[in-house]
1. Taking Asn38 as meeting all but one of (1) in contact with a His (Cβ under 9 Å, 6 or more places away or on another chain); (2) loosely packed, with under 11 Cβ neighbours inside 10 Å; (3) not small (Gly, Ala, Ser), write down the number of the exception.
2. Do we find that Thr106 is surrounded by 14 or more Cβ atoms within 10 Å (Cβ to Cβ) and either in contact with a Leu (Cβ under 6 Å, 6 or more places away or on another chain) or closer than 17 Å to Ser19 by Cα (or both) in this structure?
3. Output yes when any residue across region 61-77 is polar (S, T, N, Q), modelled with pLDDT under 95 and closer than 27 Å to Gln105 by Cβ, and no when none is.
4. Looking only at strands (runs of 3 or more DSSP E) that fall completely inside region 50-102, which ones have 1 or more residues that are under 27 Å from Asp26 (Cα atoms)?
5. Quick check on my filter: what residues within region 10-49 are more than 13 Å from Leu76 (Cβ to Cβ), out of contact with any Ser or Thr (no Cβ under 9 Å at 6 or more places or on another chain) and acidic (Asp, Glu)?
6. Which residue pairs have Cβ atoms closer than 9 Å, lie 6 or more positions apart in sequence or on different chains, and pair a first residue in region 8-36 that is modelled with pLDDT under 90 with a second residue that is of a type in the set (D, E, K, R) and assigned to a loop (DSSP other than H, G, I, E, B)?
7. Return the residue satisfying two criteria in turn: it lies in region 10-22 and is surrounded by fewer than 16 Cβ atoms within 10 Å (Cβ to Cβ) and over 15 Å from Val59 (Cα atoms), and of such residues it is nearest to the chain's Cα centre (by Cα).
8. Would you be able to say whether some residue in region 79-93 is exposed (fewer than 15 other Cβ atoms within 10 Å of the Cβ), touching a Leu at 6+ places or on another chain (Cβ under 9 Å) and modelled with pLDDT of 95 or more?
Amino acid sequence: MSDDEPTNGIDDVPTVTCSRCGREWDLAYELEELRAGNRAVEQFALDHERHTGHYPDDVTPWLVACKRCPDGEQFLSERPARRWATAHARHTRHDVLLQDPDENQTVVSPE
């Protein structure tokens, strides 16, 4: 099968590029094998970061970082980022810095 042919009935397979890697991928694997559906781009981006240490083009994570201890995480949407920040602040009584993809920052404080 060539790269231009539709895969398994999907005639508009999304693609992701990474200028740091100098590559472009179609997401047929994420759609067909992983059955990621609407989360195919997110799944690819998470896997790409896990294996290369960086995200593909046009993907910027939400960052959460404890202001007191070295704990922190990256998320691709606000809800899990905010949940992590709130839970960490609640359990440790530490302030947590929450940064959105546009680099706007807020502090989540313990209750």
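The values are calculated or read from the model by the stated rules, or taken from the named source; none is laboratory data. Nothing here was measured: the structure is a model prediction, and the numbers come from that model. Here the Cβ is made from the backbone with ideal geometry for all residues, glycine too, and neighbour counts use every protein chain on show.
1. (1)
2. Details: surrounded by 14 or more Cβ atoms within 10 Å (Cβ to Cβ): no; either in contact with a Leu (Cβ under 6 Å, 6 or more places away or on another chain) or closer than 17 Å to Ser19 by Cα (or both): yes.
When the stated conditions are applied, Thr106 does not pass them.
3. So the first thing to find is which residues in region 61-77 are polar (S, T, N, Q), and the list is 74, 77.
Subset that is modelled with pLDDT under 95: 74, 77.
Next cut, closer than 27 Å to Gln105 by Cβ only: 74, 77.
For region 61-77, residues polar (S, T, N, Q), modelled with pLDDT under 95 and closer than 27 Å to Gln105 by Cβ: present.
4. On the way: elements: 62-66, 72-75, 96-99.
Once the strands (runs of 3 or more DSSP E) in region 50-102 are filtered for at least 1 residues that are under 27 Å from Asp26 (Cα atoms), what remains is 62-66, 72-75.
5. Matches in region 10-49: Asp11, Asp12, Glu30, Glu33.
6. Close Cβ pairs (under 9 Å, with a partner that is of a type in the set (D, E, K, R) and assigned to a loop (DSSP other than H, G, I, E, B)) do not exist here.
7. At the first step, the residues of region 10-22 found to be surrounded by fewer than 16 Cβ atoms within 10 Å (Cβ to Cβ) are 10-12, 14-15, 17, 19-22.
Now restrict to residues that are over 15 Å from Val59 (Cα atoms): 10-12, 22.
Details: Ile10: 24, Asp11: 25, Asp12: 22, Gly22: 20 Å.
This residue is Gly22.
8. Pass one, region 79-93, residues exposed (fewer than 15 other Cβ atoms within 10 Å of the Cβ): 79-80, 83, 87, 90-93.
Going one step further and asking which of them are touching a Leu at 6+ places or on another chain (Cβ under 9 Å), we end up with none.
No, the conditions are met nowhere in region 79-93.
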